[in-house]
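The values are calculated or read from the model by the stated rules, or taken from the named source; none is laboratory data. Since the model is a prediction, treat every value here as computed from it, not as a measurement. Reconstructed Cβ throughout: ideal geometry from the backbone, glycine too, with neighbour counts over all protein chains shown. We work out accessible area using only protein heavy atoms, side chains counted, and drop any ligands, DNA or RNA first. Shrake-Rupley method; radii C 1.70, N 1.55, O 1.52, S 1.80 Å.
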Amino acid sequence: MDLIEKEHLLEISKPKTRANRRLFRGQSEGQYLRDGCTIKGSDGLITAASRFSMANIDSWEAFEDAFCQDLLPALGGKQKTEEFFLRLSHMLVEYMAKQQDRQTKVLDFHHPHHLKEMMSHCLGIPSEGVTLEQVLSDCKETMKYGVRTGHPRFFNQLSSGLDLISVAGEWLTATVNTNMFTYEIAPTFTLMEEIVINHMISKIGWSSGDGVLTPGGTISNLYAVLLARFKFDPKVKSDGVNLHQFIIFTSKQSHYSIEQAGAVSGIGMKNVISVECDARGKMIVECLEKHIIQAKALGKVPVMVNATASTTVLGAFDPFNDIADVCEKHGIWLHVDSAWGGGYLLSNDYRYKLAGVHRADSVTWNPHKLMGQTLQCSALLTKHLGLLKECNSIGATYLFQKDKQYDLDYDTGDKTIQCGRHNDIFKLWLTWRAKGDAGYEEQINQVHALSRYLLGRLKQAADFELVLDEPESTNVCFWYVPDSLRNMSHGVARDTILHRVAPKIKAAMMQAGTVMIGYQPLETKPNFFRYVCANPSATQSDIDFLLDEIRRLGKAEDIKGSYTSEQITK
């Protein structure tokens with residue numbers, strides 16, 4: 001495959017407009033030709049599957065006496081396999097459609113011991129395999145008691161929504177079921193990863209670089225720590241970290257994975273220094289440099305500074321240019337954890353929030369968050385071409401032979417810390433192809449605008465108080481203030497009671513199942529709600545419902561005296 005052909009296949013492009021979409025030559029509006037099957041648009045569906053009655057799609061009688069051994073590769077198993085997957089796919093599509101219905105609950109909550117009892121008939125592992133009918137039933141029951149994270153009223157986590165192109169990509173990925181360590185077993189996927197990684201690198205502002213998709217932002221941040229210490233002294237790969245007393249610096253409001261990386265890498269949690277933040281949650285650069293100077297005076301080796309693009313709770317963006325100045329002055333690796341905020345790089349309106357990110361040595365970016373990819377999908381990117389392989393390569397000869405008859409740069413497994421690596425690239429590549437940069441920009445602008453709508457509603461409400469008046473990201477943090485606290489003076493006594501409000505409302509909310517939003521304390525602040533949303537199907541009416549539901553549940557708990565009836569230590 002020459003370069004021109006590869007670029008034609010794999011490029012990330014702007015989506016065609018409806019006006020520019022064309023049918024394949026020779027096709028009419030009502031009829032499309034696909035691999036010998038005829039599909040009639042408005043006249044109905046005629047495919048190889050038409051021999052199965054769609055009226056019986058909800059019936060599982062055909063599988064009462066069928067087992068997994070009756071599916072492919074069993075002789076004559078193609079029809080049974082097709083019937084099985086038709087019913088499974090119907091069940092999944094019904095689930096997808098139902099979770100867009102606002103009358104559907106976000107969750108059907110039961111306490112662990114109760115749920116275990118309710119599902120006792122199907123949770124155990126049997127000695128003999130169950131029928132395919134039971135398998136379908138197990139799938140349906142599993143979804144029934146799961147949380148509908150694609151529901152437009154799910155505001156609980158940074159990852160939300162359900163992108164159907166990503167789902168399609170995930171299904172194909174599972175069907176192909178290949179590993180990502182060598183080109184010989186993942187040729188197209190390896191090329192796709194190269195294309196997408198380079199596209200993300202260009203969005204950061206680097207002219208070149210390298211990267212790898214990882215099992216989440218925590219692992220991406222660990223990669224950054226490993227690269228930083230290797231860049232300082234390659235001997236740590238063979239001789240260990242006891243050669244130096246490395247120090248990592250990160251803000252007090254950064255993700256806990258930086259501290260975890262200190263533990264896993266051998267640097268040690270005590271050698272991960274938390275840098276003070278201002279009232280908006282941004283790292284104070286003067287405090288950072290002070291800590292660096294103090295560490296050097298004690299003979300320690302500052303090896304990495306972690307800055308954050310949209311912190312987990314407040315959504316703060318650290319001042320990257322100022323931090324980069326300090327890192328360059330002291331010769332320290334700069335990593336930017338943009339797991340949550342990286343998607344803003346795709347918006348011309350909001351990419352300014354990451355001004356200076358191009359000066360970083362490495363960047364974490366999670367498309368399964370603001371970009372709405374299905375879990376999991378994270379990338380570690382670095383501007384140091386070749387460093388990933390130098391740092392992580394072991395050169396196992398049973399996988400990475402040097403005499404293969406193709407370009408060995410595409411055997412990407414030797415630059416990772418994994419051997420088996422899940423194919424997370426296809427769904428991302430496919431979705432980016434479907435939406436283009438323009439589609440993603442529209443999506444990110446939309447979810448950001450929704451957070452501004454919530455912000456405006458909260459500013460006008462007497463029974464809510466904002467933690468930050470002008471948050472930078474889609475994170476909007478706030479307190480619900482019940483009637484019993486409305487006229488109480490601010491202070492320790494009020495905060496003690498206010499600290500109980502969000503947990504009580506959240507517990508009632510879980511029981512009701514109508515909406516989900518998270519809460520947490522922060523330093524000396526009592527528990528508050530944190531709204532986050534990356535789901536483009538959420539609307540202003542869903543925001544209105546969220547506030548009304550918090551009020552309804554909050555007033556009911558206030559009437560019961562729930563906030564003052566027990567002592568909870570902050």
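Diffusion coefficient (Stokes-Einstein, Kirkwood radius over C-alpha pairs, 25 °C, 0.890 mPa s) for segment 269-315: 208 µm²/s, rounded to a whole number. Segment 455-519 gives an Rg/Rh value of 0.97, both radii derived from C-alpha positions and Rh following Kirkwood. The charge dipole of the chain, taken about its Cα centre with unit charges on the Cβ atoms of Lys, Arg (+1), Asp and Glu (-1) only, comes to about 1060 debye.
What segment 474-554 shows is 34 Å² of accessible area per residue, with the surface traced by a 1.4 Å probe over protein heavy atoms.
Scaling against 2.2 N^0.38 Å puts the C-alpha radius of gyration of segment 393-463 at 2.04. Taking amide H as placed 1.01 Å from N in the peptide plane, V275 has its amide H under 5 Å from the amide H of T250, S251, K252, each at least 5 places away in sequence or on another chain. Of the trypsin sites (Lys or Arg not before Pro) in segment 179-252, the ones in a loop by DSSP (not H, G, I, E or B) with at most 13 other beta carbons within 10 Å are K235.
Taking only protein heavy atoms and a 1.4 Å probe, the accessible area of the chain is 54% carbon and sulfur.
Our note on the geometry: Cα centres of segment 203-267 and segment 98-124, 39 Å apart. In terms of overall dimensions, the C-alpha atoms belonging to segment 325-450 reach 53, 43, 22 Å along their principal axes, ordered largest to smallest. For a quick check of your reading of the filter: which GluC sites (Glu not before Pro) in segment 135-209 sit in a DSSP loop and have no more than 15 other Cβ atoms within 10 Å? Sparse-neighbourhood loop GluC sites (Glu not before Pro): E184.
Considering every alpha-carbon pair of the chain, the percent of pairs per 10 Å bin, from zero through the bin containing the longest distance, is 3, 14, 22, 24, 21, 11, 4, 0. So if I average 1/r over every pair of distinct C-alpha atoms in segment 196-337 and take the inverse, what Kirkwood radius in Å does that give? Evaluated on segment 196-337, it is 15.5 Å. Tell me, which longest segment in the chain has none of the chymotrypsin sites (Phe, Trp or Tyr not before Pro) that fall in DSSP loops with at most 14 further Cβ atoms within 10 Å? Counting at most 14 other Cβ atoms within 10 Å as exposed, the longest clean stretch of the chain is 407-570.
Relative contact order of segment 201-332, taken over Cα pairs closer than 8 Å and 6 or more residues apart, is 24 percent. Shown here for segment 469-561: trypsin sites (Lys or Arg not before Pro) in loop regions (DSSP other than H, G, I, E, B) with at most 11 other Cβ atoms within 10 Å, namely R486.
For segment 88-166, the Kirkwood estimate of hydrodynamic radius, built from reciprocal distances between every pair of different alpha carbons, is 14.3 Å. Using all pairs of distinct alpha-carbon atoms, the Kirkwood hydrodynamic radius of segment 431-552 works out to 15.6 angstrom. The shape of segment 89-223 can be summarised by an equivalent ellipsoid whose semi-axes, obtained from the alpha carbon gyration tensor, come to 35, 21, 16 Å from longest to shortest.
Rolling a 1.4 Å probe over the heavy atoms of the protein chains gives segment 204-338 an accessible area of 38 Å² per residue. Using the 1.4 Å probe convention, the accessible area of segment 140-191 works out to 44 Å² per residue with neighbouring protein chains retained.
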